[in-house]
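Chemist: Structure incoming, see below.
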Amino acid sequence: MSSPSELRYTKEHEWAKLVGDGEVIIGITDHAQDALGDVVFVELPEVGDSFDAEDKFGVVESVKTVSDLYAPCGGEILEVNSALEDAPETVNGDPYGEGWIIRLSLSDNAQLDALMSASEYDAFVAAES
Amino acid sequence: MKRTPLYERHASAGARFVDFGGWEMPVRYTTTIQAEHDAVRTSAGLFDVSHMGEIDVTGENAVHALNRLVTNDLTRINDGQACYTAMCLPSGGIVDDLVIYRYSEQRLLICCNAANREKDYAWIAENLEDAVAIDRGDEFAQLALQGPKASAILQTLTEQNLADIKRYWFVDGSVCGVPTIISRTGYTGEDGFELYCPADKGGVIWDALFEAGGDALKPVGLGARDTLRLEMKYALYGNDIDETTTPLEAGLGWITKLDAGDFIGKDILVEQKESGVERRLVAFKMSGRAIARHGYDVVDAEGHVIGHVTSGTRSPTLGENIGLAYVPFGVHRVGSDIKIAVRNRIESGTIVKPPFVKPGSDV
């Protein structure tokens, strides 16, 4: 399956989507959720926390394993998807939609450009497996 | 990585694979671990466990010869019966945990963990007196058919009356015409069978079982195998038990027959029994949402490390986070609260009486 073309991607299998004025929504890719299997817990940061690009901002736990989440770009947390507290499996079912994880105010728009495009990410995943 | 004779079937069924002790094994198929787990608890699941090792032991007095290497007492089971046992070092540490099938005084078949196969064979060959061990791991495919509907499904493919095979008994029978050891054993807590057949015939039985089972039977990977066994507090070698832990520490006193004849490790285990173990493997439930995983520290009120977690997962049956940990004797009692360092914080848990889930098998 090819990844949504409007998103940007990291080597850690997060996606970032520019929404409006300097804000991004961040989640994990379909490939990532598939590799993790049943997601049972997402450890979310607090609204107002700030991160630099590549900082650890949270944790995804599946039945089998635990995996850190890394910020694709720096900024301040505007919102976390608190629906994941009661329904973490949404990350499996709809990783690019209802399974989003955080909304961030972007400190530097150029950081998004440094991320992979959908076709680059698909090639990266293909090479990795 | 090594592959079982059923690898192609798993791949074409859409399995996700994982490296397990050097074997490329299905961790789950196309649904979720939860769905595979539920299938075994409520209907039936089929596992490819062909990675497990098999070692034949034969000799004039094979039962007594092998009995000197294991903690359980092979003289107290009958021909046609299987037993679960540990095999220990002189230190009391566990070389492996095994299921041993007793055919006769002269012949037994050992089923051992995949990752330990070479080590076990070397250890047995070195320590066995007046009997011969042969590694037959490559000759067998092994399937585990588990769940409340396992018996009904298997019965359609064999003339053997399965009601005659009690829990932990086995027969040399045949399944859809293939010579098969039909053993009423498993690693899930449900009724079910482990089937040993010639490696090149594993696929015949695999396909026939799915045809017979229809919607009632699902293929199940190692992910659910782990959650199923953990709900029963069945030990996983390399996680909960290893060469640094003794059977008594691991709560395996019930397979350690100190009143039997001599066996390797017995002296230390007798001593440990008399003076009391310093630590115990306990079952616990977490209070919060985090899962305590293998290797996490158990800490006291001051934050000092007093033990460690050996297994942890979300229990699909209970929807709670469960685990196993070694804790000091005294802390081990049911109802005690324990603290576990989870990443950068301390989470609490409570020691509970195992198993976490009542076994479904009443055979």
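Chemist: When the gyration tensor of region B:63-172 is built from Cα positions, what are the square roots of 5 times its three eigenvalues, in whole Å, from largest to smallest?
Modeler: Each semi-axis is the square root of five times an eigenvalue, giving 28, 16, 13 Å.
Chemist: Residue by residue through region B:278-283, which ³J(HN,Hα) values in whole Hz follow from phi under the Karplus form 6.51 cos²θ - 1.76 cosθ + 1.60 (θ = phi - 60°), with glycine and proline marked x?
Modeler: Listing the rounded values in order: 7, 9, 9, 7, 10, 9 Hz.
Chemist: Translational diffusion coefficient of region A:8-128 at 10 °C, 1.306 mPa s, Stokes-Einstein with Kirkwood Rh over Cα pairs, in µm²/s as a whole number.
Modeler: 112
Chemist: Label-point separation (nm) for B:Glu139 and B:Leu258, each offset 7 Å from Cα along Cα-to-Cβ?
Modeler: Label-label distance for B:Glu139 and B:Leu258, simple model: 3.8 nm.
Chemist: In whole Å, what is the distance between the alpha-carbon centres of region B:1-55 and region B:271-347?
Modeler: That distance is 29 Å.
Chemist: Turning to a different aspect of this structure: Per DSSP helix of 4 or more residues, -39500 (n - 2.57); summed, then divided by the residues of chain B. What does that give at 222 nm, rounded to the nearest 500?
Modeler: Calculated at 222 nm, the ellipticity per residue is -5500 deg cm²/dmol.
Chemist: By average Cβ neighbour count within 10 Å, what is the ranking of B:340-353, B:30-43 from highest down?
Modeler: B:30-43, B:340-353
Chemist: Identify the residues of region A:1-22 with backbone N under 18 Å of a label point that sits 7 angstrom from the Cα of A:Ser129 along the Cα-to-Cβ direction, or state none.
Modeler: Taking a point 7 Å out along Cα→Cβ of A:Ser129, the residues of region A:1-22 whose backbone N falls under 18 Å are A:1-5, A:9-15.
Chemist: Would you mind calculating the gained length between B:Ile346 and B:Thr75 on full extension (0.36 nm times residue separation, minus the Cα-Cα distance), in nm to one decimal?
Modeler: Separation in residues times 0.36 nm, less the Cα-Cα distance, equals 92.8 nm.
Chemist: Starting from the amide H of B:Thr310, placed 1.01 Å from N in the peptide plane, find each other amide H under 5 Å away whose residue is 5 or more places distant or on another chain.
Modeler: Residues meeting the criterion, in which the H sits 1.01 Å from N, are B:Gly295, B:Leu324, B:Ala325, B:Tyr326.
Chemist: From zero up to wherever the largest Cα-Cα distance of chain B sits, split into 20 Å bins and tell me the percent of pairs in each.
Modeler: Here the calculated profile for chain B is 29, 59, 12, 0.
Chemist: Related question: Taking a quarter of the surface of the Cα convex hull of the protein assembly as shown, what do you get in nm²?
Modeler: Average projection, Cα convex hull of the protein assembly as shown: 24.2 nm².
Chemist: Test of the criteria: in region B:99-158, which GluC sites (Glu not before Pro) are in a DSSP loop and have at most 11 other Cβ atoms within 10 angstrom of their Cβ?
Modeler: B:Glu129
Chemist: Calculated FRET efficiency, B:Leu318 and B:Glu129, Cβ-Cβ r, R0 41 Å, to nearest 0.05?
Modeler: 0.30
Chemist: Quantify how strongly other chains surround peptide B:225-232 by giving the mean number of their Cβ atoms within 10 Å of each of its Cβ atoms.
Modeler: 1
Chemist: Also, quick follow-up: Taking N as the number of residues in region B:236-334, what is its Cα Rg relative to 2.2 N^0.38 Å?
Modeler: So the Cα radius of gyration is 1.19 times the expected 2.2 N^0.38 Å.
Chemist: Another one. So if I place +1 on the C-beta of Lys and Arg and -1 on the C-beta of Asp and Glu, and nothing else carries charge, what would the dipole magnitude of the protein assembly as shown be about its Cα centre? I want it in debye, nearest 20.
Modeler: Result for the protein assembly as shown is approximately 1500 debye, rounded to the nearest 20.
Chemist: Okay, moving on. List the chymotrypsin sites (Phe, Trp or Tyr not before Pro) within region B:280-342 that DSSP assigns to loop and that have no more than 15 neighbouring Cβ atoms inside 10 Å.
Modeler: B:Phe329
Chemist: Could you give me the radius of gyration and the Dmax of region B:278-363, taking only the C-alpha atoms into account and expressing both in angstrom?
Modeler: Answer for region B:278-363, Rg first and Dmax second: 12.7, 48 Å.
Chemist: Stokes-Einstein diffusion coefficient for region B:1-139 at 20 °C in a medium of 1.002 mPa s, Rh from the Kirkwood formula over Cα pairs: what value in µm²/s?
Modeler: Rounded, D is 130 µm²/s.
Chemist: Based on alpha-carbon positions alone, could you give the equivalent ellipsoid semi-axes of region B:93-144 from the gyration tensor, as √(5λ), descending, whole Å?
Modeler: The three semi-axes for region B:93-144 are 17, 16, 11 Å.
Chemist: Starting from the Cα gyration tensor of region B:157-237, multiply each eigenvalue by 5, take the square root, and state the resulting semi-axes largest first in whole Å.
Modeler: Semi-axes from the Cα gyration tensor: 22, 16, 12 Å.
Chemist: Oh, and also: Listing B:Met1, B:Met232, B:Met87 from the residue with the fewest other Cβ atoms within 10 Å to the one with the most, what is the order?
Modeler: Lowest count first: B:Met1, B:Met232, B:Met87.
Chemist: Whole percent per 5 Å bin, from 0 to the bin with the longest distance: what is P(r) over all C-alpha pairs of region B:213-255?
Modeler: Taking every Cα pair in region B:213-255, the percentages come to 5, 17, 23, 18, 14, 9, 6, 5, 3.
Chemist: In Å, what Kirkwood hydrodynamic radius results for region B:131-279 from the alpha-carbon pair distances?
Modeler: One over the average 1/r among Cα pairs gives 17.8 Å for region B:131-279.
Chemist: Over 32 Å between C-alpha atoms is what I'm after, so list which of B:Lys166/B:Lys257; A:Lys11/B:Lys201; A:Lys64/B:Lys353 land there.
Modeler: Those over the limit are A:Lys11/B:Lys201.
Chemist: Post the alpha-carbon centroid distance, region B:59-79 to region B:214-232, in whole angstrom.
Modeler: With region B:59-79 and region B:214-232 each reduced to a Cα centre, they are spaced 32 Å.
Values in this text are rule-based calculations from the coordinates and carry no lab data. Please read these numbers as outputs of a predicted model, since none were measured by experiment. Positions of Cβ are generated from backbone atoms using ideal geometry, with glycine treated the same way; all protein chains shown enter the neighbour counts.
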